Amino acid sequence: MKRISFLLVLPFFTILIGCGPDTIQEGEVEYVITYPNIEASGFMKAILPKSMTIVFKGTKMKTLISKGEIFSTEVVSDETDRSMEMRFDMGDKLYYTQLTEDDLNELLHSQPNYEISKTSESDSLVGLFAEAYSVNSPDDTVTYNNAWFTMALAPQNATWFSSYNEIEGFPLVYDVERYGVFMHVEAIDFRKREVKDSEFDRDPSLEAISFEDYEFEVQELFDILME
């Protein structure tokens, strides 16, 4: 990614970043998912999800990962009231869970502890001004890519529930370690569009379960994918 000089960035930065209502209030970001530590082939290569979408309106977000008609997972979160709902759809397993404060603490502490430092790098990614952060983990030998975040979108602490919670802004490039899988996630497209409130609605066929049971179901799915 080409580094942009300060003089060239300043006008673009002023237009895109702004404050409050000057940020882009609704839209959709599409990401590609890769698995740098996995040599996937056969069934695994065919079944591992390769894309992710985040739809946002104000501070509310819906993150969707799916693989055709086989399965899908959704996370609906809102940084304003620190609320989160997770959804899982695979065959006859149709579940959702609304996380309590204790569940959110458990979720946060189950993720890697990163050492994050802001770098001097900046660039335009999918048409949005973004800044880079170096990422390291004292408890891991994995080499992490720089994470790239933008302040141009309405969610200003979009990763409040993750290992990146100390970074302000909205993620465009980052690594994820969850359910025993290491994934690299990189934005490939951004669309500013009207987002209807109904896009965050839950499918009424989903059954409520505990966060513990939800984690078990999703972990079982990824265990199958990684066999």
Name the one entry in Val176, Val142 that is free of Cβ contacts under 8 Å to residues at least 24 places away in the same chain, farther than 20 Å from Thr59 by Cα and of a type in the set (A, V, I, L, M, F, W, C). Val176
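Give the residue, chosen from Glu199, Glu215, Glu166, that is outside any loop (DSSP other than H, G, I, E, B), over 16 Å from Ile33 (Cβ atoms) and free of Cβ contacts under 8 Å to residues at least 60 places away in the same chain.
The conditions single out Glu215.
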Glu131: closer than 25 Å to Tyr35 by Cα, over 14 Å from the mean Cα position of the chain (by Cα), outside any loop (DSSP other than H, G, I, E, B) and without any contact (Cβ under 8 Å) to a residue 12 or more places away in the chain, yes or no? no
Can you tell me which residue in the range 100-109 is nearest to Val135 (Cα to Cα), limited to those that are surrounded by 10 or more Cβ atoms within 10 Å (Cβ to Cβ) and of a type outside the set (Asp, Glu)? Leu108
The lone condition Asp189 fails out of (1) acidic (Asp, Glu); (2) at pLDDT 95 or above; (3) touching a Pro at 6+ places or on another chain (Cβ under 8 Å) is (3)
Regarding the range 34-55, can at least one residue be identified that is at pLDDT 80 or above and more than 19 Å from the chain's Cα centre (by Cα)? no
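The values are calculated or read from the model by the stated rules, or taken from the named source; none is laboratory data. These numbers were taken from a predicted model, which means no experiment stands behind them. Quick reminder, even Gly has a Cβ in these numbers, built from the backbone with ideal geometry, and neighbours come from all protein chains shown.
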